[in-house]
Amino acid sequence: MTTRRLVLTRSAAIVGAASTGLLIPQIARAQGNKVRVGLMLPFTGTFAQLGVAIENGVRMAINEKGGKLGGREIEWFKVDDESEPSKGVENASRLVQRDKVDVLIGTVHSGVQMGIQKVVRDSGTLCIIPNAGVHAATRALCAPNVFRTSFTNSQPTLALGKTMVDKGHKKAVWITWKYAAGDEAFEGFRDSYTKAGGTIVKELGLPFPNVEFQALLTEIASLKPDAVACFFAGGGAAKFIRDYAAAGLKGKIPLYGSGFLTEGVLDAAGPAADGIITTMHYSDALDTPRNKQFRTAYATQFKMQPDVYAVQGYDSGQLLVQGATAVKGDLNNKQALYKALEAAVIDSPRGKWTMSKSHNPVQDMYLRVVENKENKVIGVAAKALADSGAGCKMG
Ligand code: PHB
């Protein structure tokens, strides 16, 4: 009772002080504190280069706007999540509980994202997902404080099936890592391919992040499908492309994929990647002033070429800047902050995009082919594609 009375008395005093303007210096001081930004990304393992590209992109977008968020300086906190789902909750808790970040930007791996989702749903911490496509994050487990700047796992492959059938490939084999990203990419492929009249003759898989593809490639050779479709990414994708060619399949059975297959790996994959057709919400070769300006600035700053991950990181930074500016740096003004993030129009190198009701990008999907170490655009596979957001109830 004593404690409660004390609290009541104190809050009454605060109301009084606020109405007389006495609190203003205190609020100003709070806003003068640095914004605590947490990056939870893979910096080791098969997705290490994805983490680096995302961090580069985030920092670049914020630096372009003066390096501050709503007028406040930034303090950065970083965790290497190793793409290890079993450590997801623990790593996210380090940023949220120990470092008390105002925003957690993360991550790449869908399994790890589920750990982050649990922690930020419990704590209410603002979370921006710069890659991981796990459906639940913007479907059944969506939340007012979680925003994704990338895609859902089935978004790119929903644009893939019809293209393959249109090219005359009626029977396909699907191959992937068996975890949420691969399984959900399959959902998009299955729905679009079968709807267009194609038949999936076999689904093949191996555990993440295994790269022992040999036995599966031998099986593909004996199945003789019209085409192969897949989801792989990062270091594993480069090896899959090389092994596919080394097994003698390149040129015989056309290889298609969710576009991550050919992102950030074209130097490592070499000529083995030529001719691979993919669907994705970005292409290096998008012939727009916005994309060209982004690519030149990124290459100058980081001495490497940007890929879709860099773009997604960049858009996470852009989104955060827009939100923080709208609330003048007061990230505790959650209602206004979320409203601004929901209404954001992101002028992305991929093309302008907006947030769906469930907080996932509504975006175009490009059809691309690899030519000479570049993802060339050969068409738009889907216009303003939104994820269904099935089962998402905010609030
Ligand atoms: C995921 O695990 O959600 C994931 C990882 C890498 C990608 C795409 C999706 O390139």
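Data for the structure
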| read-out | value |
| --- | --- |
| Among residues of the range 76-113, those that are touching a Phe, Trp or Tyr at 6+ places or on another chain (Cβ under 7 Å) and within 16 Å of residue 126 (Cβ to Cβ), counted | 3 |
| Considering residues of the range 71-106 that are among the small types (Gly, Ala, Ser) and crowded, with 21+ Cβ neighbours inside 10 Å only, the residue nearest to the ligand (Cβ to nearest atom) | 83 |
| Any chance residue 331 is within 22 Å of residue 106 (Cα to Cα) and more than 18 Å from the chain's Cα centre (by Cα) | yes |
| Enumeration of residues in the range 240-288 that are under 22 Å from residue 313 (Cβ atoms), charged (D, E, K, R) and over 21 Å from the mean Cα position of the chain (by Cα) | 267 |
| Some residue of the range 229-243 being of a type in the set (Gly, Ala, Ser), more than 16 Å from the ligand (Cβ to nearest atom) and touching a Phe, Trp or Tyr at 6+ places or on another chain (Cβ under 9 Å) | no |
| Single residue of the range 275-297 satisfying the filter (surrounded by fewer than 23 Cβ atoms within 10 Å (Cβ to Cβ) and in a helix (DSSP H, G or I)) that is farthest from the ligand (Cβ to nearest atom) | 289 |
| Single match in 250, 239, 224 (criterion: in contact with a helix residue (DSSP H, G or I) (Cβ under 8 Å, 6 or more places away or on another chain), among the basic types (Lys, Arg) and in the same structural domain as residue 380 (by TED's automatic domain parsing)) | 250 |
| Filtered residues of the range 151-180 (kept if farther than 24 Å from residue 386 by Cβ, away from the ligand (no atom under 16 Å from the Cβ) and in contact with a Ser or Thr (Cβ under 7 Å, 6 or more places away or on another chain)) | 170, 171 |
| Single match in 336, 340, 272, 324 (criterion: within 24 Å of residue 221 (Cα to Cα) and part of a helix (DSSP H, G or I)) | 272 |
| Residues within the range 136-150 that are surrounded by fewer than 24 Cβ atoms within 10 Å (Cβ to Cβ) and within 13 Å of the ligand (Cβ to nearest atom), tallied | 1 |
| Residue list for the range 349-369, filter: surrounded by fewer than 23 Cβ atoms within 10 Å (Cβ to Cβ) and part of a strand (DSSP E or B) | 351, 352, 353, 354, 355, 362, 364, 367, 369 |
| Checking residue 256 against (1) under 22 Å from residue 204 (Cα atoms); (2) aromatic (Phe, Trp, Tyr); (3) within 15 Å of the ligand (Cβ to nearest atom), the condition it does not meet | (3) |
| Pairs, first farther than 10 Å from residue 110 by Cβ in the range 128-154, second among the aromatic types (Phe, Trp, Tyr) and buried (at least 24 other Cβ atoms within 10 Å of the Cβ), C-beta under 6 Å, six or more apart | 128/147 |
| All positions within the range 52-67 that are without any contact (Cβ under 8 Å) to a residue 60 or more places away in the chain and either buried (at least 17 other Cβ atoms within 10 Å of the Cβ) or within 20 Å of residue 150 (Cα to Cα) (or both) | 52 |
| Failed criterion for residue 130 (all others in (1) more than 12 Å from the ligand (Cβ to nearest atom); (2) in contact with a Ser or Thr (Cβ under 6 Å, 6 or more places away or on another chain) hold) | (1) |
| Close pairs from the range 83-107: first farther than 22 Å from residue 149 by Cα, partner in a strand (DSSP E or B) and β-branched (Val, Ile, Thr), Cβ under 8 Å, at least 6 apart | 94/79 |
| Residue 176 at pLDDT 95 or above, in a strand (DSSP E or B) and polar (S, T, N, Q) | yes |
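The values are calculated or read from the model by the stated rules, or taken from the named source; none is laboratory data. Remember, predicted model here, so these are calculated numbers, not experimental data. Don't worry about glycine lacking a Cβ; one is built from the backbone with ideal geometry, like all the others, and counts go over all protein chains shown.
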